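Have a look at the structure below before the remarks.
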Amino acid sequence: MAKYLIVGGVAAGMSAAARLRRLDETAQITVFERGEYVSYANCGLPYYIGDEIKERERLVVQTPEALRELMDIEVRTSNEVLAIDPAAQSLKAKDLKTGREYEETYDKLLLAPGGSPVKPPIPGSDHPAIHTLWTIPDTDTIRAMVDGGKVKKALVVGAGFIGLEMAENLKYRDIDVTVVEMAKQAMNVVDFEMASMVHREVAMHGVDLQLEDGVSEFTPGANGGVVAKLSSGKTIEADLVLLSIGVKPNTAFLADSGIELGKRGHILVDDSLKTNQKDIFAAGDVIEVLHPLTRKQTAIPLAGPANKQGRIAADNMHGAKPRTYNGTMGTAIAKIFDLTIGMTGASEKLCLSHDIPFDSVIIHPNDYAGYYPGAMKMCLKLLYSPETRKVLGAQGTGYSGVDKRIDVIATAIKADMTVDDLTEIEHAYAPPYSSAKDPVNMAGFVAQNVLEGLIKTVKWTDIETNPAEYFLLDVRTPAECASGVMPGSVNIPQAELRNRLDEVPRDKKVVLYCRVGLIAYQAARVLAGKGFDNVYNLSGGYETWNVSV
Ligand code: FAD
C-alpha cells in the first residue's frame, strides 16, 4: 500500500489528494494543513467581506470529516510540517493544538504549502488596524471590523488583483477607500493603456487611487485607526489598512532539507514537478514555473495553475500515467467594479524585458452584434511576433465578453497559432453572443493588415514622445469631435477626405485617428490609394489615447 503525504491542504494539495485517491483506492493519503481549514475558496474571500457572497460556509468547499468520509483522505488541520528529511523519507510535524511534535514516513511526498502575503518592514505596520488577506481567519477579522461599523475609511496598499478586488468590496460596504500604489499604474501585469481603463473605472466608483506613491510610515490615529505617511508627504487616515503587495513562497521549513530553491525562495522542479530530492514533488504557488513564451523560470501564483499542477503531480507520484507540466503563461482575469480586465501570455512589458520581438494592435469591437440591444464596446490588445506571426499575448477590458476572448486567445497561444489562424477561428455566432466576425477574428484581421503593409500603425506613446513628428488628422464627424480631440489635430471627416486631399501634407507622417480605429483605417486606405505613402493609423484610436494620457 503506497503512503502519500501532502503538505498544504488547499488548491494544489487537495487537488493532488483527490486525484491520488481516484487513481489508487488502497493508498494511504494524509494531508498536513497548518491552518484550521482545508480546501477553502481563497479567491472568494474579498466577496464575502463585500457581502456579495453572503454565507460564510460557501467559502469552505470541504471539511476534514467529509474528506475522510467521501474519499478516505486523512486531513490533519492545525498540523504544521516543521522539517523534511529526504534521506529518511520522513517529515517532522507539530500538532498546533497540543504542541506534540512527531514524525511520519512517506513513499511519496508532495509539497504544496503555497505562499504568504509579503509584509513590508514599514515602521508602525504592527498596528492592529493593519491586515493582510489570505486565509479564512484573516477574512473573519476584517469582516468583523467592517460589520462592527467602525470602518469608515480604508487604505489598501498595492493595486494588484487582490488589492483592487478588496477596494471594490470595501466600497460596496460604504467605506471610503484609498489605494496607494508605488508603480505608475495599477495591475502591473498588463500594459499601461489597459490599466488606464482600470484607473478610470475605480475613479468612477469613488476610489481614490494614488499612483507612484508608497507608505513610508504608519502611526496610531484616532479611534483605533492609523495615519499612513506617504513618500510624497501626504497623509492618509484609515480605520482599516490592507497590505496587498505580493506573495512570498512558504519554504522556510525546507531550510535544511537539501531541496533546491530558486533565487526568490521558490522550489525548483522538473517538468514532472519533481524536486531534486527522491520521491518529493512540489506544486502550486510555491514552485517556479517555466514561462512558455520567455522560456525563463518565473513564479505565477494563480489558482488555475496550482490546481492543475496538483493533478499532474498526483499522476506522477502514482506513476501509472506520467505527465509533464508545460509551464504557466499567466492567464488571469479580474472584476473591478463593472469592468472586466483579463490577460494571457506576453504583455508589451514582458516582451521588452525579455527582448522578444513583437508588434501589437488595439481594437475596440462590440462584445456582440452592435444592432442587438445592450451591445457594449470592449478593448482588446493583441501581441504577436512580426517574424513568425505567432500570437504572443492578449489583454482585454470591457463590460461583457472579455473572458471569452481572452480564453480563446489563450487557447490559440497554447496551440502555437498565428494571427492568420485567429482570422479563421470559427466561433459560435448569433447576434446576442458575438458578431459574424468575432473580436478575436477582428484582432487577427488588423494584425494581418499591419503585417501585410495594408496599414502602418503608431502607438499613443509614440505621439506623446514625439508630437512634432506627426500631423494628426481626425477623421471623425464634427459631432463626434465634440466629445474631445487630440491637441493640434486637424479635422477632415472621412466622408470629405477625397475632396480635401490638398489639406493633407505629403512631407510629414500623417496619423489618422477616429474613435476606435476602423474609420481611420478606411481613410488611410483612401490616402494610400491617392499616393500618400507616409500615412499611419493610431492604434486603438482616440479611445485608447484619451484614457491613457
Ligand atoms: P494555498 O492555496 O495557499 O495553500 C497552501 C496551504 O499550505 C495553506 O493553507 C497553508 O496554510 C498550508 N501550509 C503552508 N505551510 C505549511 C506547513 N509547513 N505545514 C502545513 N501546512 C502548510 N488566483 C486566481 O487564479 N484567481 C483569483 O481570482 C484569485 N483570487 C485570490 C484572492 C485572494 C484573497 C487570495 C488570497 C488568493 C487568490 N488567488 C487567486 C490565488 C490563489 O488562491 C492561489 O494561487 C492558490 O490558492 C495557490 O494554491 P496553493 O495550493 O499553491 O497554495
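Tabulated data for the structure shown
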item: Residue in the range 196-235 that is farthest from residue 131 (Cα to Cα), counting only those that are under 25 Å from the mean Cα position of the chain (by Cα) and among the acidic types (Asp, Glu); result: 201
item: Filtered residues of the range 453-502 (kept if assigned to a helix (DSSP H, G or I), of a type in the set (S, T, N, Q) and within 15 Å of residue 536 (Cβ to Cβ)); result: 461, 465
item: Criterion: among the charged types (D, E, K, R), assigned to a helix (DSSP H, G or I), at pLDDT 95 or above and within 27 Å of residue 353 (Cβ to Cβ) - qualifying residue of 168, 212, 201; result: 201
item: Any strands (runs of 3 or more DSSP E) falling wholly within the range 236-292 and containing at least 3 residues that are within 25 Å of the chain's Cα centre (by Cα) and surrounded by 17 or more Cβ atoms within 10 Å (Cβ to Cβ); result: 240-243, 247-249
item: Residues (in contact (Cβ under 8 Å) with a residue 60 or more places away in the chain and farther than 21 Å from residue 367 by Cβ) located in the range 415-452; result: 449, 450, 451
item: Residue count, the range 366-384 (criterion: in contact with a helix residue (DSSP H, G or I) (Cβ under 9 Å, 6 or more places away or on another chain) and either aliphatic (A, V, I, L, M) or farther than 19 Å from residue 201 by Cα (or both)); result: 5
item: Sole residue being within 14 Å of the ligand (Cβ to nearest atom), touching a Pro at 6+ places or on another chain (Cβ under 6 Å) and not basic (Lys, Arg), chosen from 31, 81, 75; result: 75
item: Selection count where residues are part of a strand (DSSP E or B) and farther than 20 Å from residue 454 by Cα, scope the range 503-545; result: 0
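Every residue, every condition in (1) in contact with a Phe, Trp or Tyr (Cβ under 9 Å, 6 or more places away or on another chain); (2) touching a residue at least 60 places away in the same chain (Cβ under 8 Å), yes or no:
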site	(1), (2)
50	yes, yes
53	yes, no
61	yes, no
77	yes, yes
84	yes, yes
88	no, no
96	no, yes
108	yes, yes
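Conditions (1) of a type in the set (Ser, Thr, Tyr); (2) modelled with pLDDT under 95, marked per residue:
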residue: 440; (1), (2): no, no
residue: 459; (1), (2): no, yes
residue: 465; (1), (2): yes, yes
residue: 475; (1), (2): no, no
residue: 502; (1), (2): no, no
residue: 513; (1), (2): yes, no
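The values are calculated or read from the model by the stated rules, or taken from the named source; none is laboratory data. For clarity, every value in this text was computed on a predicted model and none was experimentally measured. Please note: Cβ atoms are built from the backbone with ideal geometry, for glycine as well, and neighbour counts cover all protein chains shown.
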